[in-house]
Amino acid sequence: MNMITNHLPTAELQALDAAHHMHPFTDANGLATKGARIITRGKGVWLTDSEGNQIIDGMAGLWCVNIGYGRKELAEVAARQMEELAYYNTFFQTTHVPAIALAAKIAELAPGDLNHVFFAGSGSEANDTNIRLVRRYWDVKGQPERRIIIGRKNGYHGSTMGGGSLGGMAPIHAHGGMIDGIVHIDQPYWWGDGGDMDEDAFGLERAQQLEAKILELGADKVAAFIGEPVQGAGGVIIPPATYWPEIQRICDKYGILLIADEVITGFGRTGNWFGSETFGIKPHIMTIAKGLSSGYQPIGGSIVCDEVAATIAEGGEFFHGYTYSGHPVAAAVALENLRILQEEHVVDHVRDVAHPYLKQRWDALADHPLVGEAKLVGLMGSIALTPDKAKRAKFPGEQGTVGFRCRERCFANNLIMRHVGDRMIIAPPLVITPDEIDILMDRAKTSLDECYAGLKADGLVTA
Ligand SMILES: *Cc1c(COP(=O)(O)O)cnc(C)c1O
């Protein structure tokens, strides 16, 4: 058997990695001089690296390992499914049990009449599907001129051509070649952009940009609006309470399809099964991936409401699909993941235990001299680093320099916490216990203190 073992010394593995492995979202030359950290094992909320360090994973991998690492049940289900039926497609009037069972389970868990699932291999692919779905929907409805999709600046919907275009990440767009018919409004980021406005008034103002944009473009040209209930990769931007109800009102008023990208917020992250429930959103389509399989297998999908699914069906064949749509091994693993989430009451644990406990400690970070605000919904949180709390000031120079320094301190202290610009973010596995939260928070506090001391030594903060 060809087992992948960790028999090579770290430096040798790093050299091979630098020579042959092109990393996503990475400055290759920068990484090559430093060497990537090599992760070798995972158990619960803990990772081990090739030097034997025990790292607490405050990011659940990339927001995906909701049930934690190392659950044997998922490995066993995968092995059994591979032996029974390793692969078959769902294209030409065939199907298989894992895809059927998973679609039915998702329909049961999803709110309202979101009863139909189109499977993809990832969140990006699912959002590409959504572009095709909503444009096809309006074609079948006899309104083919409704093509434009409105997203938000700093939104993240993946990094395929479609996903990158729907998202509003300036560095992605700067690489060029985005697809047409997608426009962006501002994000509901009160701490960064709200100025003197009251938070609720600011939330309304940002939502009303959607109405202004629809009127500018012509309502008969707009197909859909897409947003993450909470912007994740954009820095865990939790919107003001007024924001989503106003977005919903506007979508309803102009008959525009509402897509909730639940790739992060789905499957328990916000203390409900879906972020749409936490924020009172009624989407026509939900994008899912990540927590659907807790990252144990690559799988994503679009959950589609009755009316949209019926309209697509009315149009005859929908010329779209992926070889791995509903892949049997991925589907079987996702189903086992959902069984664990449900039977072990993981979503209740987030709402009743982990969130309230983490919230006390997270909110207390707002007293740290470097921290301007601390926000948390369910188990996704962020803090803003600032040289001046009262003014909600940004650090001079390039955004993200201080965030990067803070992240480096976290990494050195065996805590994985990410930075987005000068915001620090966490999204630990949903099964994290209060004791583990204490360890995470103690390491976060130490890292912030060290970062602050370093900034003081360099004259970047004065206090
Ligand atoms: C991660 C993410 C995606 C993209 O998913 P991939 O599986 O990386 O393609 C899409 N939307 C949101 C909100 C995400 O966080």
Report summary line: (1) open to solvent by 50 Å² or more (accessible area, probe 1.4 Å); (2) modelled with pLDDT under 95 all hold for Arg418 apart from (2)
Query raised in the report: Considering only residues of segment 110-129 that are surrounded by fewer than 18 Cβ atoms within 10 Å (Cβ to Cβ) and not acidic (Asp, Glu), which is nearest to the ligand (Cβ to nearest atom)?
Result: Pro111
Query - Residue in segment 130-164 that is farthest from the ligand (Cβ to nearest atom), counting only those that are within 16 Å of Ile214 (Cα to Cα) and open to solvent by less than 10 Å² (accessible area, probe 1.4 Å) - result: Ile150
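Matching residues to (1) free of Cβ contacts under 8 Å to residues at least 40 places away in the same chain; (2) away from the ligand (no atom under 16 Å from the Cβ); (3) farther than 30 Å from Asp352 by Cβ; (4) not basic (Lys, Arg):
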| position | (1), (2), (3), (4) |
| --- | --- |
| Ala212 | yes, yes, yes, yes |
| Lys221 | no, yes, yes, no |
| Ala233 | no, no, no, yes |
| Ala241 | no, yes, no, yes |
| Ser293 | no, no, no, yes |
| Gly301 | no, no, no, yes |
Query raised in the report: Of the residues that make up segment 298-314, is at least one surrounded by fewer than 24 Cβ atoms within 10 Å (Cβ to Cβ), assigned by TED's automatic domain parsing to the domain that holds Leu338, among the small types (Gly, Ala, Ser) and touching a strand residue (DSSP E or B) at 6+ places or on another chain (Cβ under 7 Å)?
Result: yes
Query raised in the report: Out of (1) within 16 Å of the ligand (Cβ to nearest atom); (2) surrounded by 14 or more Cβ atoms within 10 Å (Cβ to Cβ), what's the single condition that is false for Glu205?
Result: (1)
Query - Lone unmet requirement of (1) more than 16 Å from the ligand (Cβ to nearest atom); (2) touching a helix residue (DSSP H, G or I) at 6+ places or on another chain (Cβ under 9 Å); (3) open to solvent by 40 Å² or more (accessible area, probe 1.4 Å) for Gly271 - result: (3)
Query raised in the report: Looking at Glu373, Glu398, which is the one that is open to solvent by 10 Å² or more (accessible area, probe 1.4 Å) and under 22 Å from Glu199 (Cα atoms)?
Result: Glu373
Query raised in the report: Among the numbered criteria (1) in a helix (DSSP H, G or I); (2) in contact with a helix residue (DSSP H, G or I) (Cβ under 9 Å, 6 or more places away or on another chain); (3) under 30 Å from Arg443 (Cα atoms), which single criterion is violated by Gly30?
Result: (2)
Requested in this report: Identify, by number, the condition in (1) more than 22 Å from the chain's Cα centre (by Cα); (2) surrounded by fewer than 21 Cβ atoms within 10 Å (Cβ to Cβ); (3) closer than 28 Å to Asp193 by Cβ; (4) in contact (Cβ under 8 Å) with a residue 12 or more places away in the chain that Ala390 doesn't meet.
Outcome: (4)
Report task. Would you point out which residue out of Val461, Val431 is part of a loop (DSSP other than H, G, I, E, B), open to solvent by less than 60 Å² (accessible area, probe 1.4 Å) and more than 28 Å from Ile67 (Cβ to Cβ)? Result -> Val461
Query raised in the report: On the given criteria, is Ile247 under 22 Å from Asp200 (Cα atoms), touching a Pro at 6+ places or on another chain (Cβ under 8 Å) and touching a residue at least 40 places away in the same chain (Cβ under 8 Å)?
Result: no
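The values are calculated or read from the model by the stated rules, or taken from the named source; none is laboratory data. Computed from a prediction, not measured in an experiment: that's the story for all the values here. Cβ: placed from backbone, ideal geometry, glycine included. Neighbour counts: every protein chain shown. Surface accessibility is based on the protein's heavy atoms, side chains included, excluding ligands, DNA and RNA. Shrake-Rupley method; radii C 1.70, N 1.55, O 1.52, S 1.80 Å.
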